[in-house]
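Down below is the structure, laid out as structure tokens.
The values are calculated or read from the model by the stated rules, or taken from the named source; none is laboratory data. The structure displayed is predicted, hence computed values, not measured ones. Cβ atoms come from the backbone with ideal geometry, glycine included; neighbour counts cover every protein chain shown. All accessible areas refer to the heavy atoms of the entire protein, side chains included, with ligands and DNA or RNA removed. Shrake-Rupley method; radii C 1.70, N 1.55, O 1.52, S 1.80 Å.
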Amino acid sequence: SVKNNSSSGCASETVNLSATVPSGWSKNLAASALSVAPGQTAQTTLTVGVPAPHALGTYSIVAAASAPSGGASSTESVTVIEPTHRLSLGLSGTGSVKFSTPAKTCSSSCVADYPASTATVVTLTATAGSRSTFAGWSGACTGTASTCTVTVGSDQSVSASFVRSSGSTGGKGGKPPK
């Protein structure tokens, strides 16, 4: 945003805006000039495009404002990271699901991100909690086997369902309470 710090008796001022981005990147300022009344603030949007593929790392973007009364600039850092695909796990009931990669176990809904440059094969293993039974998979996995393999070459979603085991007596030692 840009603020005109002139006193209230002064005229509005035109502020010219510019941006510098790394070579090969695109930029678009929604407005390249703003008319700002004394004591007022105005803003615009800078949209930056990074061509693919582009070297991973941190880059500087400079935004500048100039007016007859002065100017200023601001430098911001932008970090280009490798694109990812997400594996989302939904979990209902009492149990957990172990991911082979990364090695983690989720007892509630969770996500894992994988590099988009390769298709990652992930094995999911369902383990029922106390007095529960694994009921099955849905989404990118189907069936009732306790393990499932998903190839994450795009965003994927899997749900694991656990249900309460039947035949539970509710008391200790297998005898119903009196």
With the structure loaded, tell me whether Thr133 is open to solvent by 40 Å² or more (accessible area, probe 1.4 Å) and modelled with pLDDT under 95 or whether it fails that test.
no
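Let's see how each residue does on (1) under 30 Å from Thr147 (Cβ atoms); (2) assigned to a loop (DSSP other than H, G, I, E, B):
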{"site": "Ser23", "(1), (2)": "no, yes"}
{"site": "Ala31", "(1), (2)": "no, yes"}
{"site": "Thr44", "(1), (2)": "no, yes"}
{"site": "Val48", "(1), (2)": "no, no"}
{"site": "Pro53", "(1), (2)": "no, yes"}
{"site": "Thr58", "(1), (2)": "no, no"}
{"site": "Ile61", "(1), (2)": "no, no"}
{"site": "Glu76", "(1), (2)": "no, no"}
{"site": "Leu87", "(1), (2)": "yes, no"}
Output yes when any residue across region 83-92 is farther than 30 Å from Ala11 by Cα, loosely packed, with under 13 Cβ neighbours inside 10 Å and of a type outside the set (Ser, Thr, Tyr), and no when none is.
yes
Determine if region 99-106 includes at least one residue that is without any contact (Cβ under 8 Å) to a residue 12 or more places away in the chain, outside any strand (DSSP E or B) and out of contact with any helix residue (DSSP H, G or I) (no Cβ under 9 Å at 6 or more places or on another chain).
yes
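Results for (1) under 27 Å from the mean Cα position of the chain (by Cα); (2) open to solvent by 60 Å² or more (accessible area, probe 1.4 Å); (3) closer than 24 Å to Ala116 by Cα; (4) in contact (Cβ under 8 Å) with a residue 12 or more places away in the chain, shown as yes or no for each residue.
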{"site": "Ser32", "(1), (2), (3), (4)": "no, yes, no, yes"}
{"site": "Gly49", "(1), (2), (3), (4)": "yes, no, yes, yes"}
{"site": "Ile61", "(1), (2), (3), (4)": "yes, no, no, yes"}
{"site": "Pro68", "(1), (2), (3), (4)": "no, yes, no, yes"}
If Val80 passes every condition in (1) at pLDDT below 90; (2) open to solvent by 80 Å² or more (accessible area, probe 1.4 Å) but one, which one does it miss?
(2)
